[in-house]
Structures are given as structure tokens and as C-alpha cells.
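Following: one structure in C-alpha cells, then a few remarks.
Every read-out reported here was derived from the displayed coordinates using simple, explicitly stated rules and does not represent laboratory data. Keep in mind that what you see is a predicted model, and the values were worked out from it rather than measured. When we count neighbours, we look across all protein chains shown, and the Cβ atoms used for this are built from the backbone with ideal geometry, even at glycine.
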Amino acid sequence: MDQSAITVRYAKAFFSLAKEKNLIQPFKKDIEIISDVCGNSNEFVLLLESPVLKTSKKSEIIISIFKGKIDNLTLKFLQLIVKNKREVYIPAICRNYLALTRKNQNIKLSQLTTATEIDSKTIEKIKSTIEKELNAKVELTANVKPDIIGGLILRMEDKQFDASVATQLKKMRQQLQETEISQVK
């Protein structure tokens, strides 16, 4: 079976349970915790991918890591994934569940990249402006990338607005090169 089909199927099943039990937000927090562990612990991912460790041992370790930190239903869901030998898909299942949650709650992901750190008040103003423009809630993450020199890059899902100095300089260089070529002819 296709990996993406597996991850989507598990995420949809867990999301359906969350809706049924009216636990979308608590489960979202649980999945964020699990996703955070997957993203920040190479050892945990290696544990999930290990063909040597028995399923029962993996289940024990997962219980010891997450017991008391996440809801019992979420823990049972993880155990089911491990029992079905699908534990390598946990990170992707988490991503799909979070995407389903954002879609259900009309939340859009946005990423703001600037050359220098900007204060939280400015970030909130930008977030508020985007929310009004999209008529949706926005989860905005801010990154600092000094090589854009100045300005900003705003990425919203599959769209990007690039007002960085680096991009403007690149465009000017192209225009100058095109001007030189046309003058030579």
C-alpha cells in the first residue's frame, strides 16, 4: 500500500474519533507533542524504524515516553499503530492529522522570513493583517535569514510574496544584463 495512503487513512480515522468525542483540540495538542518528539529526537525516529526491536518493546518504550503527557485515547492510538507495524509512519500521520485539524478549523499556515529579528508586536500586526485578508485564522511562524539582506518573504500555503532586498538586487542585475545584451546588438 502507498505510504501516503496509509498515513492519510490513520490520520483520518483518528480525526474522526476526535470529532466524535469532541476532542479535536486536546488531540491536536497530543499530536503536536508526538510530532515535536519525532522532529527533535533522532533516537526516537530510529526506534520507530528499527527492524530489530520487537513490537512489544517499541510499545513499552512509547508508553514510557508519552504516558501522562498525552490523552489515553491518543496513547492507545499509538499502540494500535505499533501493533499494526506502521510505527515508521507516525511522523507523517501526525503531519496529516494536523493538516486535517487546520482545514477543519479554517487555519492557514504562514511563514514570515526577515533578515533580522522583529518584535512580537510587529509579528502580531502582520498576523492580524493576514487573517483579515484571508478571512481565516493564521498560524504564523517567523524565521530570520540574514542572507535576504532586508525586507521580507511571506509564504502562505502555496503562495509566496518576496519583498526581500536580495531578490530585488537579483532582478536589477538581470535587467542590467538584458540592457547590456540589447545594446550590443
Practice prompt. Take the chain, connect every pair of alpha-carbon atoms lying under 10 Å apart with a spring to form a Gaussian network, then pick out the residue of S59, S35, S50 with the largest mean-square fluctuation.
Written response: S50
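Which ordering of V165, V52, V37 is given by a fewest-first count of other beta-carbon atoms within 10 Å? Walk me through the numbers before you get to the answer.
Values: V165 13, V52 5, V37 19.
Neighbour counts put them in this order, fewest first: V52, V165, V37.
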Worksheet entry | For A142, distant residues with modelled amide H under 5 Å away | L112
Fill in: Paramagnetic label zone (point 7 Å from Cα along Cα-to-C-beta, L134; backbone N under 11 Å) in region 104-118
106-112
Practice prompt. Within the set of other residues whose C-beta is less than 12 Å from the C-beta of N106, count the net charge using Lys and Arg as +1 and Asp and Glu as -1.
Written response: +2
Worksheet, complete the sentence: Filtering trypsin sites (Lys or Arg not before Pro) in region 68-116 by DSSP loop and by at most 14 other Cβ atoms within 10 Å leaves K69, K85
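Return C94, C38 ranked ascending by Cβ neighbour count within 10 Å, so the fewest neighbours appear first.
Details: C94 24, C38 18.
By the 10 Å Cβ count, ascending, the order reads C38, C94.
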Practice prompt. Identify which of D30, D158, D71 has the largest mean-square fluctuation in a Gaussian network model of the chain, with springs joining Cα atoms closer than 10 Å.
Written response: D158
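Please order L17, L48 by the number of other Cβ within 10 Å, starting at the fewest. Let's see the in-between values first.
Values: L17 15, L48 20.
With the sparsest Cβ surroundings first, the list reads L17, L48.
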Worksheet item: With springs only between Cα atoms under 10 Å, which of Q79, Q111, Q160 fluctuates most in a Gaussian network model of the chain?
Response: Q160
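Which of the GluC sites (Glu not before Pro) found in region 88-185 are in a DSSP loop and have at most 13 neighbouring Cβ atoms, other than their own, within 10 Å?
Working: sites: E117, E124, E131, E133, E139, E157, E178, E180; in loops: E117, E157.
Hits after loop and neighbour filter: E117, E157.
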